[in-house]
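Any read-out appearing in this document is the output of simple, stated calculations on the displayed coordinates, not a laboratory observation. Note that the structure is predicted; figures quoted are calculated from it, not measured. Reconstructed Cβ throughout: ideal geometry from the backbone, glycine too, with neighbour counts over all protein chains shown.
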Amino acid sequence: MSLPKRIVLIGPMGAGKSTIGRMLAREMGYRFLDTDRIIEERCGANIPWIFDVEGEEGFRQRETAMLEELAAEPETVLATGGGAVMRPENHALLKKHSVVVYLRTSIEQQVERTRKDRNRPLLQNDDPEGVLRTLFAVRDPLYTELADIIMHTDRKSPRLVVRQLVNRINPKTPRQQRQVRKEGRNHV
Ligand code: S3P
């Protein structure tokens, strides 16, 4: 089984894309890239500032441009922002030469992991949980549709998630290979 050129992580805010992505990249010997962080570096400003000044639409344009630029990067694990699946034109960019992994996480976990965060403009309001629920209802079908692997992360340590992902992406033993054939694209 040949290794994918890229591993692209999709999923909601608080799914652990950056933490898991960084660990997975180290494990695979791939480079770790994060679209949000590169957008911030290029802009010389953080995401709340970009949303303030350019609006969400301005941010989404930068996000699409970044996905275009990174679509050909070899041997990378790419963490994407939770809303990257919202533009249909991003879908082919996410899937190009990639294994797409959906880190599926309960609303409770998302709330817990984003509670103290001030860098996510969509959650700076009176009802961040309500926002996360609404976004999940819209986006979960898109994440599911795009995913080659759906990885459930609740009640799993990042280390376990990474081990399960490595086994899925690069199964070494015959038993692992049989398991992957059996599961197909199924949930892990
Ligand atoms: C967003 C998620 C954020 C970031 C921006 C918008 C979203 O990324 O791209 O605040 O629309 O869900 P994370 O998923 O890494 O938090």
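For the chain, the convex hull drawn through the C-alpha positions has a volume of 113 cubic angstrom per residue. Can you give me the angle between helix 174-183 and the longest principal axis of the chain, using Cα atoms only, in degrees from 0 to 90, rounded to the nearest 10? Tilt relative to the chain: about 50 degrees.
Pick out, in residue order, every one of the trypsin sites (Lys or Arg not before Pro) in segment 93-165 that is DSSP loop and has at most 13 other C-beta atoms within 10 Å; say none if there are none. The partial results should precede the final answer.
Working: sites: Lys95, Lys96, Arg104, Arg113, Arg115, Lys116, Arg118, Arg133, Arg139, Arg155, Lys156, Arg159, Arg163; in loops: Lys96, Arg115, Lys116, Arg118, Arg155, Lys156.
Within segment 93-165, the qualifying trypsin sites (Lys or Arg not before Pro) (loop, at most 13 other Cβ atoms within 10 Å) are Arg115, Lys116, Arg118, Arg155.
Helical content alone sets the calculated 222 nm signal of the chain at -17000 deg cm²/dmol, taking -39,500 (n - 2.57) per DSSP H segment of four or more residues and averaging over every residue. Roughly how tilted is helix 128-146, in degrees to the nearest 10 and between 0 and 90, from the longest Cα axis of the chain? Once rounded, the angle reads 40 degrees.
Only lysine pairs 8 or more places apart or on separate chains count here, and in the chain those with Cα atoms under 22 Å apart total 10. With R₀ set to 22 Å, the beta-carbon distance separating Arg175 from Arg26 gives a calculated FRET efficiency near 0.35.
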